[in-house]
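Report on the following structure.
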Amino acid sequence: MKKILENWNKFIITESGLSRIYGHIMEHDSAILTAFRNEYTNAENYQRNRELKAYLLSMGYGVTKVDGSYIENFETPQSIEVSEQSFFVSNRSDSPGFFEDIEGLGQQYEQDSVLIIPMGGKAAYLIGTREGNDFPPFGESITVGDLKMGHEDEFMSRVGGRPVVFKEELETYDKLSKNSRWAIKKLLEGKSN
């Protein structure tokens, strides 16, 4: 657990995406979260993530996919990397309810925690979003440190086998085609946030 606290910031970004992601982190509050859970099938997890992305876009946030990774048994011969699709989310409209929205979606999608990155990338923290979870406890936050890009560690993101690569552009609701906006509305019909 000490590794989480010391090394949340395990991002290697391609040169073309580095300045964009860095810019988003420096100019807006950001977060990283997912809807994946081990108890669901792969198909169910991807459907849950589609819904999560639809919620985020409909709330006006910028979203880009990242592959979140965790190395179980870190620094032992039994180490194995486990990954899941996650989202980097930018509060590009500086909504005052951003942190509460992210925390609420973490609870809705049964996540142990979500990573909150305050504007500027300083003092990022995990907030517990699952009752009964011991790290971090539900509703409690644990500071994990400041942004440092380019470090491979126990917790990181990977794309194409390379430690954390973010997509170049944030996807936003207002940039979507009419058909994509319609699809988001249909996907969320009958769902409560």
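Quick check on the stretch 63-87: of everything there that is at pLDDT 80 or above and touching a helix residue (DSSP H, G or I) at 6+ places or on another chain (Cβ under 7 Å), which residue is farthest from GLU27 (Cα to Cα)?
Restricting to residues being at pLDDT 80 or above and touching a helix residue (DSSP H, G or I) at 6+ places or on another chain (Cβ under 7 Å), the top hit is GLN85.
For residues that are in contact (Cβ under 8 Å) with a residue 24 or more places away in the chain and surrounded by fewer than 20 Cβ atoms within 10 Å (Cβ to Cβ), scanning just the stretch 115-129, find the one that is farthest from ASP94 (Cα to Cα).
Applying the filter and picking the extreme gives LYS122.
What's the total number of residues in the stretch 173-193 that are among the basic types (Lys, Arg) and surrounded by fewer than 10 Cβ atoms within 10 Å (Cβ to Cβ)?
1
Can you pull out the residues in the stretch 88-108 that are crowded, with 22+ Cβ neighbours inside 10 Å and touching a helix residue (DSSP H, G or I) at 6+ places or on another chain (Cβ under 8 Å)?
PHE88, VAL89, SER90, ASN91, LEU105
For residues in the stretch 1-45 being assigned to a helix (DSSP H, G or I), modelled with pLDDT of 80 or more and small (Gly, Ala, Ser), which is surrounded by the most Cβ atoms within 10 Å (Cβ to Cβ)? Walk me through how you get there before you give the answer.
Within the stretch 1-45, the subset assigned to a helix (DSSP H, G or I) is 2-6, 15-27, 42-45.
In the following step, the residues that additionally are modelled with pLDDT of 80 or more were identified as 23-27, 42-45.
Those left that are additionally small (Gly, Ala, Ser): 23, 43.
Numbers: GLY23: 11, ALA43: 8.
That would be GLY23.
With the condition kept exactly as written, say whether any residue in the stretch 119-140 is hydrophobic (A, V, I, L, M, F, W, C), under 23 Å from ARG20 (Cβ atoms) and at pLDDT below 80.
no
Looking only at the stretch 88-118, how many residues end up being more than 14 Å from the chain's Cα centre (by Cα), at pLDDT 95 or above and polar (S, T, N, Q)?
Summing the residues that are more than 14 Å from the chain's Cα centre (by Cα), at pLDDT 95 or above and polar (S, T, N, Q) in the stretch 88-118 gives 2.
The values are calculated or read from the model by the stated rules, or taken from the named source; none is laboratory data. Note that this is a predicted model, so its numbers are computed, not measured. As a convention, Cβ positions derive from the backbone with ideal geometry for all residues, glycine included, and neighbour counts pool all protein chains shown.
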